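The values are calculated or read from the model by the stated rules, or taken from the named source; none is laboratory data. All values reported here derive from a predicted model rather than from experimental measurement. Backbone-built Cβ (ideal geometry, glycine too); neighbour counts: all protein chains shown.
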Amino acid sequence: MNKLVKTWLHKSASDWRKILYNIVLVILLPVVALYLLWRLVVQGKSRAGLAQRLGILPGSVSKLKEADGHIIWVHAVSVGEVAAAEPILQQLRLAEPTGQIVLSTTTPTGRKMAEKLDIDVEALIYFPFDFPGITERVLRTIAPDLIILMEAELWPNLLAAAGARNIPTAVLNGRISDTAFPKNRLFRPLFAWTLSNVDLVCAQSQKDADRFIALGAAAQRVKASGNSKFDENFPHIPPEEQAKWRQDLGLSQEAPVLLAGSTHPGEDEQILNAFDQLHSSHPNLELIIAPRHPERGDEVEKLVSEHGYATYRRSRVLAELDEGKDIDLSSTTQVRVVILDTIGELNHIFSVATLVFMGGSLVPRGGHNILQPLAQGKPVIFGPHMHNFQDITDLALDQQAAIQVENGSELVEVTDRLLSSQSEREFYQTKGRSLLQKQSGASQRMVSELALLLAER
C-alpha cells in the first residue's frame, strides 16, 4: 500500500508539472507564432526544416526501423554541440557497428557544420518543437532505442514522452553554467520532473554533476565523465597547406596574424580598436575576423571600412571564384582585414594565426571553444565572460595554457607582449597541447555508459 501511495504521489507531482508546463506553452503559442511568422516573412529565416520542426519527417527516417541494430537519436543544437558530438558518434560506431544513427540540430549553422564535417549518420534532421503531439509523432516515426541530448538540452515533453515509452535517455557532455544555475534553481520543480525522465547524465565536471543532482537528477544516474570536446578530431595542417591558406586569403607569408574567432556584436569594434593600436608598433600585423554568425559579414565589413581598412570577404571571393572570375589577391598599399564569413573553415585557418582571440568573451555571451586553436599550437586569449565553457577555461588557466584579459586595453597589452616574444608563444604552445593530451578519453567513457544503458533495456 505504501508503495502504491508513493507511486501515485510521484505521478501526480509529475502530472501537475507537465500540465503547468504545457499551459505556459499554450499561453506563449501566439507570441511564438507571431515571432516565427516575422522570421519567415520579414527576415526570410526559419524556413529550412520547418516541416521537420512540426514533426513531419522524411519517409527515409521511418524506414530505419526495417534495418538491424539499435536506432540512436542524437540531438546537438548548434555548431559547438555538433563538434562535441562528433567524437562520441565515432565511438558509437565502434560500439554499435549496425546502429542506425539519427542526428538532429536546431540551427541551420549546426546542420551545415554536420554536413561540412561529413559526420557518418543515417539521417540528419531538424529538432522538433517541444509540443505535445509533435514530440509523440517524431518518436513514432524514428522509434529510437536510445535518445542522446548534448550538453544543456533538456526538453520536458520529449523526455516525458520517451519515459512513457520506456525509451532510455542520456545527457552527454552535460553542463550547467555559473550564469544558468541560479536561474535554473528558481524552476527546480520543472527541472526535477524533466530530469526524472533522464536515465543517464554524463557531466563535463564534478561541479556540473553536483548541479544536475541539485536540480533533481538521481545521484546514481549522474557521472562526471569529462568533456568530449577534448577528443575532437583536430585537423593537422602541414606547413605547405598553411602557406596555401595564407595565399588564398591574401595574407603575407611572413607577417604575424591576429585571428579573432567567433566574435559577436560589441566585440568587433574592440578588436578593430586594438588592431589600430597594435598596428603602430607592429606595422606588418594582419587581422582576420571570423564572426560567430556568418550573416553578420556586411555589418563587420562596414565597421572595418569605418576604421579605414580594405576588406577581404571570404564568402564573396568564393562566390566570384565559383562564377569563374579572376581574383587579384596581391598585396595593396592599403591594409586589408580578412572577414571569414563562412562555415567550417575556421578550424583550418587557425593554423595560419600567430595569436588567437576567442570571441563571445569580451561581451557577456559566455565564450566559445578554445580547444581548436590550442590544438593548432596557438597562444589563446579570451575575455572575462567564459561561463559557457567554464570547465575548459578553469583547466586552461590552471595549466597556464591560455590567457584571460578583462577588457580591450588588456587585450592590446597582452597581444603586444606575445607578438614581441617568441619564447612566450612557444611556452603557451607546449602547455596547450599538453592540456589536450591529459584530458582526452571522455567520449569512450560516455559510450561505455551508453552500452550499459542499452544492455539494461
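Structural remarks
- Only a single criterion out of (1) at pLDDT below 95; (2) touching a helix residue (DSSP H, G or I) at 6+ places or on another chain (Cβ under 6 Å); (3) buried (at least 16 other Cβ atoms within 10 Å of the Cβ) is not satisfied by V335, namely (2).
- Conditions (1) outside the structural domain of A164 (by TED's automatic domain parsing); (2) over 25 Å from H348 (Cα atoms); number of the one not met by I213: (1)
- When we screen N173, N233, N184, N197 for residues that are over 30 Å from P283 (Cα atoms) and buried (at least 23 other Cβ atoms within 10 Å of the Cβ), the only hit is N173.
- Exclusive hit being more than 17 Å from T263 (Cα to Cα), modelled with pLDDT under 95 and crowded, with 16+ Cβ neighbours inside 10 Å, set Q390, Q429: Q390
Listed here are the residues, each with its yes/no results for (1) hydroxyl-bearing (S, T, Y); (2) without any contact (Cβ under 8 Å) to a residue 12 or more places away in the chain; (3) within 19 Å of H279 (Cβ to Cβ).
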| position | (1), (2), (3) |
| --- | --- |
| D326 | no, yes, no |
| H348 | no, no, no |
| V352 | no, no, yes |
| Q376 | no, no, no |
| M386 | no, no, no |
| F389 | no, no, no |
| L395 | no, no, no |
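- Qualifying residue in the stretch 147-161 (condition: surrounded by fewer than 24 Cβ atoms within 10 Å (Cβ to Cβ) and out of contact with any Ser or Thr (no Cβ under 9 Å at 6 or more places or on another chain)): no
- Among residues of the stretch 236-254 being of a type in the set (A, V, I, L, M, F, W, C) and under 30 Å from Q437 (Cα atoms), the one that is surrounded by the most Cβ atoms within 10 Å (Cβ to Cβ) is I237.
- Tally of residues being surrounded by fewer than 19 Cβ atoms within 10 Å (Cβ to Cβ) and either without any contact (Cβ under 8 Å) to a residue 12 or more places away in the chain or in a strand (DSSP E or B) (or both) across the stretch 267-294: 2
- For beta carbons closer than 7 Å, sequence separation of 6+ or different chains, a first residue in the stretch 89-107 that is over 16 Å from L124 (Cα atoms) and a second that is at pLDDT 95 or above and of a type in the set (S, T, N, Q), the qualifying pairs are Q91/S443; Q91/Q444.
- For the stretch 110-119, the candidate set comprises residues that are surrounded by fewer than 20 Cβ atoms within 10 Å (Cβ to Cβ) and of a type outside the set (D, E); within that set, the residue that is nearest to L149 (Cα to Cα) is I119.
- So L259, is it in contact (Cβ under 8 Å) with a residue 60 or more places away in the chain and outside any helix (DSSP H, G or I): yes
- Residue in the stretch 434-445 that is surrounded by 16 or more Cβ atoms within 10 Å (Cβ to Cβ), touching a Ser or Thr at 6+ places or on another chain (Cβ under 8 Å), part of a helix (DSSP H, G or I) and of a type in the set (A, V, I, L, M) present: yes
- Members of the stretch 214-255 found to be more than 30 Å from A353 (Cα to Cα), of a type in the set (G, A, S), part of a helix (DSSP H, G or I) and free of Cβ contacts under 8 Å to residues at least 24 places away in the same chain, listed by number: A219
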